[in-house]
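Enquirer: First the structure, which I've put down as structure tokens, then a few questions once you've had a look.
Where a number appears in this text, it was derived from the coordinates with a stated rule and is not lab data. Quick caveat: nothing in here was measured; it's all calculated off a predicted structure. Ideal geometry is used to build each Cβ from the backbone, glycine not excepted, and the neighbour counts take in all protein chains shown.
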Amino acid sequence: MRGKMKPYLKVITVFCAAAISLSGCGAENNTPQGGNAAEVSTEQNGREIALYVGNENGDGLVTETVSVEELTPEAILLALSEKNVIPKETKVLDFKDEGETLTLDLSKEYQEYVSSYGTSGELVIVGGVVNTFLDAYDADTITILVEGSAWDTGHADYSGALGRY
């Protein structure tokens, strides 16, 4: 019986040695030189931004920190739509970042959505987009266009630059 066990022991020994040597593979490469694992996690998961969303009463804004793969207007709108600040159908038609001033041109779904709310709901929706973009791009003002033009909802006129809400 002793002779039959040896080949199995050799296979098991080789397998265990391979598993042990491979278990550490890649662990050292996950940490940047001179950095730490938390920095890698942030890079792999994208960039953290503050989303401005409606509070429990729907009459004010609170922030939630989320991670986006890449800082783009499309990524920000997707994150806002996941929090029901804007409709998922809203598309970015154009975006300009001129340092302290941003211009964001959105599809008509945004205006239709904003117009379907009362005054306080409108402030939360528009304020959520404004504050989120201003923080993400470190800007002072943003002009929001719809289909390339200024727009209004009956409650407010959005023909100029907007500051923080």
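Enquirer: Amide H to amide H, which residues 5 or more places from Leu162 or on other chains are under 5 Å from it, using H placed in the peptide plane?
Expert: The list, which skips near neighbours in sequence, is Ile142, Thr143, Ile144.
Enquirer: Place the peptides 121-127, 139-145, 55-61, 89-95 in order of packing, highest mean first, counting for every residue the other Cβ atoms within 10 Å and averaging per peptide. Numbers along the way, then the final one.
Expert: On the way: 121-127: 20.6, 139-145: 18.1, 55-61: 11.6, 89-95: 15.3.
Packing order, densest peptide first, comes out as 121-127, 139-145, 89-95, 55-61.
Enquirer: Tyr117 to Asp140: extension gain in nm, 0.36 nm per residue of separation minus the Cα-Cα distance? Numbers along the way, then the final one.
Expert: On the way: separation 23, 0.36 × 23 = 8.28 nm, distance 2.61 nm.
Working it through step by step, the gained length comes to 5.7 nm.
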